[in-house]
Amino acid sequence: MMTAGHRDDGTEDSPPSGWNSYDAFNWRVTEADVRANADYLRDNLRQHGWQYVVVDWAWYYPGAHTGSPNQDANLNPRLRMDGNGRLLPDTTRFPSAAGNNGFKPLADYVHAQGLKFGVHLMRGIPRQAVADNVPILGTDCRADQVNDDTTADWLNLMWGLDMSNACAQAYLDSVFQLLASWGVDYVKVDDIAAPTYRLAEVAGYRLAIERSGRPMVLSLSPGATPLSAAPHVRANAQMWRIVNDLWDDWPSLDRLFDQLRDWAPHRAGGAWPDPDMIPIGRLAKFGPVGSPRYSNLTPDEQRTLMTLWAINRAPLMWGGNLVENRPAELALMTNPRVLAVDRSSTDNRQLVGGARQVWAADVPGSADRYVALFNRDAVAGNVTLDLATLGIGSASVTDLWSGTGLGTVSGSLTRSLPGHGAGLYRLTGNG
């Protein structure tokens, strides 16, 4: 599955980047919303390497209610599902999914914009399918043979799968056969990495993707994925959440420094620790957390987030509604020097911990170094890198956010950073 840090399954060696509907639309996203965000990606972000358009949870739940998309004790409201227990998009919100179309028309539209299409799945098989005891496609199996008694704490629509029964893998294979026929490129599977790491099911999803014949990114959610699962998750998924849902407050962002440090040794080409969607831009139009708003992170905190993601080669999955981006949000997403750090740096590592942090990475094909400085304090202060830590005596410094040359430094690099602020630099050693 993996050799020399490379995953030979058609997914890229740079962390995925794109847009996910959850932070802005909760489960109320519509086909029109998805198309509008795809259009924005095409016009403003595709040329900068952003490519995924991902429909998050409960796209098979009927209508546009205001509550949580659960079913009652009688399994109402009914989910849209085919005769083999495979979920189909709700046609109220996704009209092009009428009949047997599924998401193919929407995926075709996204592909026509030069982009890739993704969906969210809850782990397992619909409880409704088990109650109906539907046949599993292409087998003599029935739905009531494959379920276990586990379900998500926050969404009761699914039973987990008993992977000791071969019929469970056959069900997953049938689901991914359908997704492949729609043209899906990315699948986010929820309730699988935490609160319990579902090892057998993770492997089952990976195998179902392989058998589908279509390369797909496998993204596991929510977090925190246990560090003890690192070898298994790295061999089976392209992305896995290292925290629970991230929202737009400084304490949540601040906690990520330690999680990213702990996961850094387990990063590999095609295998990316995921600090969650980026809660920047226009959020919570329909919940799930707080009132409709632009991100509560300050401009300095937003730059810190993007700097921390870049120096950790994190997936860049934007949460805000793209069509409501302002120039400031677009600038955060399109800085080519910063994106290069995320897409192609190597040996990314924390050099100095604590409140005034220093991270570094190597520049492929060059003796240069990338350096990120972070001030986690609430007030402005100096952050210093001892150049000897990188084996450098003196260096020419470029500020990657501004593109400005900062001249030559000897012995150390010190920058004054605002409270909760960050800087990102490229150092070219002299001699």
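The values are calculated or read from the model by the stated rules, or taken from the named source; none is laboratory data. What you see is a predicted model; the values in this text were computed from it and never measured. All Cβ positions, glycine included, derive from the backbone under ideal geometry; neighbour counts span all protein chains shown.
For this structure, a couple of remarks:
- Residue list for segment 13-26, filter: within 23 Å of Ala180 (Cα to Cα) and either modelled with pLDDT of 95 or more or within 14 Å of the chain's Cα centre (by Cα) (or both): Ser14, Pro15, Pro16, Ser17, Gly18, Trp19, Asn20, Ser21, Tyr22
- Residues of segment 337-348 satisfying the condition of being among the charged types (D, E, K, R) and over 16 Å from Ala367 (Cα atoms): Arg337, Asp342, Arg343
- For Gly431, the requirement of being out of contact with any helix residue (DSSP H, G or I) (no Cβ under 6 Å at 6 or more places or on another chain), among the small types (Gly, Ala, Ser), modelled with pLDDT under 95 and not in a strand (DSSP E or B) is met.
- Residue in segment 35-43 that is of a type in the set (Ser, Thr, Tyr) and either in contact with a Ser or Thr (Cβ under 6 Å, 6 or more places away or on another chain) or in a helix (DSSP H, G or I) (or both) present: yes
- Candidate set: segment 164-214, residues that are β-branched (Val, Ile, Thr) and assigned to a strand (DSSP E or B); chosen: the one nearest to Val54 (Cα to Cα): Val187
- Here the strands (runs of 3 or more DSSP E) wholly within segment 215-277 that include at least 1 residues being free of Cβ contacts under 8 Å to residues at least 60 places away in the same chain, buried (at least 22 other Cβ atoms within 10 Å of the Cβ) and hydrophobic (A, V, I, L, M, F, W, C) are 217-220, 239-241.
- Filter result for Pro69 (of a type outside the set (A, V, I, L, M) and either outside the structural domain of Ser221 (by TED's automatic domain parsing) or in contact with a Pro (Cβ under 8 Å, 6 or more places away or on another chain) (or both)): no
- Condition met for Val323 (part of a helix (DSSP H, G or I), farther than 18 Å from Ser402 by Cβ, touching a Phe, Trp or Tyr at 6+ places or on another chain (Cβ under 8 Å) and assigned by TED's automatic domain parsing to the domain that holds Trp27): yes
- Inspection of segment 70-90 identifies no residue that is of a type outside the set (Val, Ile, Thr), assigned to a loop (DSSP other than H, G, I, E, B) and farther than 17 Å from Gln128 by Cα.
- Exclusive hit being free of Cβ contacts under 8 Å to residues at least 24 places away in the same chain, more than 23 Å from the chain's Cα centre (by Cα), in the same structural domain as Pro315 (by TED's automatic domain parsing) and under 24 Å from Arg80 (Cβ atoms), set Asp144, Asp162: Asp144
- For segment 27-56, the tally of residues that are crowded, with 18+ Cβ neighbours inside 10 Å, among the acidic types (Asp, Glu) and over 15 Å from the mean Cα position of the chain (by Cα) stands at 2.
- Looking only at segment 81-120, and only at residues there that are surrounded by 21 or more Cβ atoms within 10 Å (Cβ to Cβ) and over 24 Å from Trp19 (Cβ atoms), the one that is farthest from the chain's Cα centre (by Cα): Gly85
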